[in-house]
Amino acid sequence: MIKNKPSIPRFDMINCVLCKDPPCSRACPHMNPGELLRSIWFRNEQTAAGQLPEENPCLMCSKDCERACVRSGDVPIRDLVNRLYYQVKPECETPLPDNEDRLRCDLCGIELENPFLLSSSVVASSYDMCARAFEAGWAGAAFKTVSTIDIHEASPRFSAIEGDNGEIIGFKNIEQLSDHSVPENMDIFRRLKENYPNKRILASIMGKNESEWAELAYLCEKNGADAVELNFSCPNMAAGGTGSDIGQVPKLVERFTAAAKSGCSIPVLAKLTPNVESMRYAAEAAKRGGADGIAAINTIKSVVGVDIHTFVSAPAIHGMSSVGGYSGKAVRPIALRFISEIGKDPELKGMHISAMGGIETWQDALEYLLMGGNSIQITTSVMQYGYRIIDDLKAGLNLYLAEMGFSSVKEVMGLGLDFVSHTTDVLERDTIVYPSFDHTRCIGCGRCEISCSDGGHQAVLLNKDRRPVLNGKKCVGCHLCMLVCPQGAISPLSRRVSKQKG
């Protein structure tokens, strides 16, 4: 394992757009730079380095790949590959695994070849889409919610919040359920199961009453679904008394879970809404209703992008908009909180947790597994980058497990739960971890002093050389200076100091 892995810039800093059929790869006769660059983007540098040819072909290269780039001259491909060769590869101690056996797990006893599933959404809404995802390497899909409701979608129905570099950090949708009829969806299930018998179909359903929940569950099992997911959480439903209206009322969760269980013999998961103070009450209600697992989180109710000239939020439809579901990397901390809440609840012990919310990289997925997740569902990053992200999700997680000496992904599930508390009264408060400044990396911008002065405890000052100096009598060890430093030139001391001695 790399202990202090060198920093490879992400492409939000160097303008790569993660092309389809990358021209850089077509221009290179020696390797596939497009895949290498994508692995860097998805925090999978070690796997990328492990796949390099023994000899570096870039040494005598004329940089045809960079000239072929759709942003020719803006992406330093050769420099990045050289850094994989000379910074990352020498530090890689573990050979790349030659199989994916460590990734095998299960969903309520149903074998999964890996923990990665598409979540119920537009990314899993047709036979062709699911088939292409299965071919790419996804273990299964939670198909877009089947219902008898007549669905009419708005246009446009997506909007996003971008970071300073243009990367999407938050995504809003006002989309509802599958616009196929129930018979059409059942036909899709049959064909998928016939052609991909080892892939798993998690049939998301939504009924309007107990008989519909039972009937839909029965039909899904009859037509090839491996498990049923009960959509108690869609925030965008036009029909009252559906979606998150149910998930916010534990009695309804219990009642409709019991109804669905009465209609089928396959595992049933309740997909719960985060639009509550605590998820445990609905989760416990689902268990009382007979649920075999919990799926969480669905999207968070939100308003984004208010136009300061028209006063309409996004997406605007003929001068109006509505509250919609928020997803993407911005929701990950909230989702992890709910997953850990479910994972730590003794009343839910033994229930499968299918976790989701803002997952892009294998490290993101691992965080959910550590917080008690047993399978992983993904939508928003697939919408941005495509089914191809499964390659780095699997490869990165597989290599991590090998490095850490785990023989199965199941061994990491829940390992982080003992180290997170949902109250702060367990935290030690008698010592301080001071910041340490690396003046060789510091550029003298003064951001640390500004933040400490106006948002902290006035403990950092710049000296005459524009380098930070710490006043230990004022520093409380909050680490704000570390978070704002653009150079990564501030790190924590390796030891704690007693406040009495400080």
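Here the condition is being of a type in the set (A, V, I, L, M, F, W, C) and surrounded by fewer than 13 Cβ atoms within 10 Å (Cβ to Cβ); of I490, I443, I432, it holds for I443 alone.
Inspect all residues belonging to the range 211-218 and state whether any of them is touching a strand residue (DSSP E or B) at 6+ places or on another chain (Cβ under 9 Å), within 18 Å of L107 (Cβ to Cβ) and acidic (D, E).
no
Of all residues in the range 300-313, none satisfies being of a type in the set (A, V, I, L, M), under 20 Å from Q248 (Cβ atoms), in the same structural domain as C220 (by TED's automatic domain parsing) and surrounded by 24 or more Cβ atoms within 10 Å (Cβ to Cβ).
The set of residues in the range 39-65 being farther than 15 Å from N398 by Cα and β-branched (V, I, T) consists of I40 alone. Within the set G414, G405, the sole residue that is of a type outside the set (A, V, I, L, M, F, W, C), in the same structural domain as N114 (by TED's automatic domain parsing) and over 20 Å from N44 (Cα atoms) turns out to be G414.
Yes or no: the range 377-392 includes at least one residue that is surrounded by fewer than 19 Cβ atoms within 10 Å (Cβ to Cβ), in the same structural domain as L230 (by TED's automatic domain parsing), free of Cβ contacts under 8 Å to residues at least 60 places away in the same chain and not polar (S, T, N, Q). Among the residues of the range 377-392, not one is surrounded by fewer than 19 Cβ atoms within 10 Å (Cβ to Cβ), in the same structural domain as L230 (by TED's automatic domain parsing), free of Cβ contacts under 8 Å to residues at least 60 places away in the same chain and not polar (S, T, N, Q), which makes the answer no.
N471 meets each of the listed conditions (1) exposed (fewer than 13 other Cβ atoms within 10 Å of the Cβ); (2) in contact (Cβ under 8 Å) with a residue 24 or more places away in the chain; (3) in contact with a Leu (Cβ under 8 Å, 6 or more places away or on another chain) apart from (2). Take the conditions among the polar types (S, T, N, Q) and crowded, with 21+ Cβ neighbours inside 10 Å and apply them to S407. Does it pass? Answer is no for this residue. Note on the range 37-73: among residues that are within 21 Å of the chain's Cα centre (by Cα) and among the hydrophobic types (A, V, I, L, M, F, W, C), the one that is nearest to A365 (Cα to Cα) is F42.
Whenever a residue of the range 27-52 is on the phi < 0 side of the Ramachandran plot and free of Cβ contacts under 8 Å to residues at least 24 places away in the same chain, its partners that are assigned to a helix (DSSP H, G or I) and surrounded by 23 or more Cβ atoms within 10 Å (Cβ to Cβ), lying with C-beta atoms within less than 6 angstrom and at least six residues away or across chains, give the pairs G34/C24. Screening the range 440-464 for residues that are in contact (Cβ under 8 Å) with a residue 12 or more places away in the chain and of a type in the set (K, R) and picking the one that is nearest to V476 (Cα to Cα) gives R447.
The lone criterion from (1) among the basic types (K, R); (2) outside any loop (DSSP other than H, G, I, E, B); (3) at pLDDT below 90 left unmet by R10 is number (2). Taken together, the criteria exclude P97 from residues that are farther than 30 Å from H352 by Cα, surrounded by fewer than 20 Cβ atoms within 10 Å (Cβ to Cβ) and not small (G, A, S).
The values are calculated or read from the model by the stated rules, or taken from the named source; none is laboratory data. Note that the structure is predicted; figures quoted are calculated from it, not measured. As a convention, Cβ positions derive from the backbone with ideal geometry for all residues, glycine included, and neighbour counts pool all protein chains shown.
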